[in-house]
Structures are given as structure tokens and as C-alpha cells.
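Data block below; observations after.
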Amino acid sequence: MDLSNVCWSARIPPLGAGIPRLARLDAVQDAWRRRFGPGAPLTVIADRSLRHQIGRAERPRFDALLGSGAMTLAPTADPELLRLARDRQWYVVSGDQFLDLRRDHPWIAGAADRFLGWDLRGGRLVLRPSGIREVPEQQISRAVEAKSLKWPHRIDVRDPAHLRVLRSHWRCSGPRCLRALLWPDHLLDWPTLTAQGAVLCPACNSALTEAGPRGAVRSLVVSDAASGTELVRFPLCQDTPVLLGRGRLAHGINLEAPELRQSPAIGRVSRRHLMLNLTAAPGGPRITAVDLGSGNGTVVERGEPGAVPRALEPGGEVVLGDRDALRLGDAVTVRVSGRRWFADEDLALPVLAQTDGAQPTRLVT
Ligand SMILES: [Zn+2]
């Protein structure tokens with residue numbers, strides 16, 4: 001059982017949104033025993049942050065549950081929960097769709113009957129399949145995106161104040177900051193927020209100054225072509241070309257930067273391999289890519305079924321669609337992430353994958 005998810009559910013007695021209630025554990029435990037028998041073992045895992053989120057009055061019980069071993073804590077419960085469910089063939093009690101973990105746990109879509117949510121029927125809580133379904137890759141990408149902004153950048157895309165931070169350019173004036181040196185006009189990656197809302201440089205922690213609106217933004221993902229492991233995500237802003245390659249690049253993303261996940265494949269990427277740009281176009285902003293005469297070449301893979309990959313000639317430009325990918329040196333893949341929550345029309349974010357009353361996952365199609 002994902003205790004944090006249960007405690008936040010406004011549909012479990014005691015009903016009502018607001019703060020998470022530890023008392024909701026009782027109704028779910030009761031429903032579990034009615035479904036699987038009074039002696040059926042139930043492992044309860046909670047996010048470490050839950051203790052600070054529940055009301056003061058429920059903390060003694062929280063501590064008692066922890067002390068007695070009836071509950072375990074994890075930095076975030078989901079990965080631990082899914083690991084146990086996968087390795088031991090257990091049921092999962094949670095209203096979550098686990099979108100951001102689908103890549104690590106591809107078995108989820110085929111095990112929908114083992115994921116249990118809840119309904120209130122005639123005043124009694126019953127467990128029922130939570131409705132796990134297969135989801136398109138773009139939707140998974142958006143969920144991973146929201147997660148990756150939250151950690152390490154502490155940006156919550158559900159928070160309008162945080163969205164405003166994402167919609168601006170930010171300049172670092174840190175005296176010894178390498179990124180400030182490479183990117184003097186504005187940073188090419190996301191800033192980091194403090195709990196108090198201060199906007200800091202992700203490299204040197206200096207306070208940043210706002211440097212105008214970003215305009216349209218798309219998020220790009222670079223992965224290892226063989227394993228699919230993500231190496232880096234970065235924003236591509238309108239009329240701000242970004243160079244992709246290896247080594248310290250002015251206005252560029254260095255795939256060899258020590259803070260990135262390293263892959264031996266990166267050696268096949270040229271120092272100045274690809275120029276990416278986002279420009280205004282009649283049908284909406286579009287991404288163009290130019291191979292800068294790379295040693296090992298760039299291959300365009302169109303997203304349409306049956307499309308044949310073709311090499312991009314040196315200096316040649318290609319428009320990158322939402323479902324297309326570029327292979328650099330047959331080593332790394334570049335594609336557009338699903339996210340689009342920066343354009344003006346996205347200011348009112350629809351709730352696409354609402355998991356439960358209290359904590360909707362706001363995503364934009
Ligand atoms: Zn800096």
C-alpha cells in the first residue's frame with residue numbers, strides 16, 4: 001500500500017480535501033481484509049515527507065506505526081512499491097498510474113489486475129482495479145518531464161508561480177560560474193528554486209536575474225541510442241539556437257559535462273555535431289536541426305509507421321516533428337519531449353491524468 005497516496009485521497013473517509021489524513025489507512029486496511037481475508041499480510045510504505053504533511057494530532061500514531069514496524073518509509077514510496085510488486089508478484093494499493101515510472105517498469109501495463117484503487121459503495125470502502133492502462137510514449141515523457149523538473153530543480157509545473165519561472169530566461173552573474181561564462185545572455189538549462197521561491201543557478205547557486213520571456217519552448221531529450229537511458233533534457237527556446245556536442249560549447253549543450261549521466265557512446269558524437277533551433281512558423285513553432293559536418297553523421301528517423309531512416313547530409317537542415325528522432329553518430333538519440341506547457345494557450349492547464357482528488361497530475365496534451 002502506498003500510504004501517502006491513501007492519506008491524500010479525498011474519496012476515503014474521513015472525506016474531504018485539504019491535508020492528508022492518516023486515519024484513511026483504517027478504511028483501506030478494512031477493505032483489504034474483506035477482500036483477501038482477515039490474515040492477509042499488507043505492507044505499508046510511505047513517502048518520508050508524509051510525516052510533515054499530516055496534521056500534528058496524527059503524528060503520534062504515525063510514529064507508533066513506524067516504531068512497531070507496521071509501516072516503512074522511503075524517500076519516495078513508488079519505486080520501492082513497484083520493485084516489491086514486480087519481484088514478489090504482489091498487489092499494489094494506490095490510485096496512481098505511475099506514469100513517470102513506466103519506462104523502468106514496463107510490466108505495469110500488463111498487470112492491471114494487480115493494481116487496486118478504491119470506491120465508496122454504500123458508505124463502505126471497496127478495493128477495485130485502479131484502471132491501469134497502456135499510455136502513449138509522449139504521455140510518459142510528459143510525466144518524466146514533470147518529475148525531472150521537480151527533482152533536482154524543485155519546480156512544480158502545477159504551481160502557477162513556478163510556471164512563470166519556467167517562462168522566463170535567467171542570467172547568472174556568478175563570478176566563477178562556468179555556465180555564466182559559456183552562456184552570458186541567459187542560461188540554457190532550467191534554474192533551481194529554493195523552498196522560499198528564490199531562483200538560483202543550477203551550477204553555482206548564485207541568485208539569478210530575470211532576462212526576458214522565453215517565448216515558445218520545447219523540451220528536448222538526449223538518450224543513449226542502444227540502451228534508451230536518458231542522458232539529459234534541456235529547453236529549446238524560440239530564436240535561441242543551441243549547439244549539441246562534446247566539450248565546453250558557447251551556446252551549447254556539452255554531452256561530456258561531468259554532471260550528466262555518461263555513456264561510452266558519446267565519443268561518437270562530434271565536438272560540434274548538431275545545431276537545433278526553434279522558430280516561429282505559420283502552423284506554430286517548429287524545431288529545425290542542422291548537421292554541422294559531423295564525423296559520424298546524423299540519421300533522421302520519422303515517427304510515421306514504415307518510414308525509412310535517412311542520413312542528413314552535412315549542412316543539411318531538417319524539421320523535427322513531435323514523433324521524430326535524430327540519431328547522432330549512431331550513438332545518441334535526440335527527440336522532443338511531450339511537454340508543451342509554456343505557450344500562451346497553455347496558461348489554463350487541463351487536468352489530464354487526475355489520480356485522485358487531492359493531488360491531480362496536471363498535464364497538457
Ligand atoms: Zn552560475
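Quick look at the numbers
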read-out	value
DSSP-defined antiparallel bridges as percent of all bridges, region 139-344, nearest 5	90
Label-to-label distance, nm, for residues given as Arg154 and Arg34 (7 Å Cα→Cβ offset)	4.3
Stretchable slack from Glu259 to Arg103, in nm (0.36 nm times residue separation minus alpha-carbon distance)	53.9 nm
Nearest 10 degrees, 0 to 90: helix 137-150 Cα axis against the chain principal axis	80
Residue exposure sequence - Asp96, Asp26 - by fewest surrounding Cβ within 10 Å	Asp26, Asp96
Crossing angle, helix 59-68 versus the chain [Cα axis fit, 0-90 degrees, rounded to tens]	90
Spacing of the two label points (7 Å from each Cα toward its C-beta) at Asp113 and Arg128, in nm	1.7
Acute angle (nearest 10 degrees) that the helix 24-36 long axis makes with the longest principal axis of the chain, alpha-carbon atoms	80
Amide H contacts under 5 Å for Val93, placed H, 5+ residues apart	Asp2, Leu116
Counting DSSP beta bridges with both ends in region 3-135, the antiparallel % (nearest 5)	55
Net lengthening on full extension, Arg271/Leu182 (0.36 nm per residue, minus Cα-Cα)	30.5 nm
Cα gyration tensor category, rounded, prolate or oblate, for region 139-344 with a/c compared to 1.5	prolate
Least to most buried among His52, His162, His251 (fewest other Cβ within 10 Å first)	His52, His251, His162
Fraction of antiparallel bridges per DSSP, the chain only, in percent to nearest 5	85
Spin-label model distance (nm) - Thr72 vs Val308, 7 Å beyond Cα toward Cβ	5.3
Cα gyration tensor category, rounded, prolate or oblate, for region 166-242 with a/c compared to 1.5	prolate
Convex hull (Cα only) mean projected area of the chain, reported in nm² to one decimal	20.8
Centroid-to-centroid separation of region 279-334 and region 133-171 [C-alpha atoms, Å]	24
For peptides 199-209, 312-322, sequence by mean Cβ density within 10 Å, most packed first	199-209, 312-322
Cysteines, the chain, no other Cys beta-carbon under 4.7 Å	Cys7, Cys237
Cα-based shape type of region 111-249, given that a ≥ b ≥ c are square roots of the gyration tensor eigenvalues and the cut on a/c is 1.5	prolate
Contour minus Cα-Cα distance for Ala198 and Ala250 (0.36 nm per residue)	16.1 nm
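Every read-out reported here was derived from the displayed coordinates using simple, explicitly stated rules and does not represent laboratory data. All of these numbers come straight from a predicted model, not from anything done at the bench. Quick reminder, even Gly has a Cβ in these numbers, built from the backbone with ideal geometry, and neighbours come from all protein chains shown.
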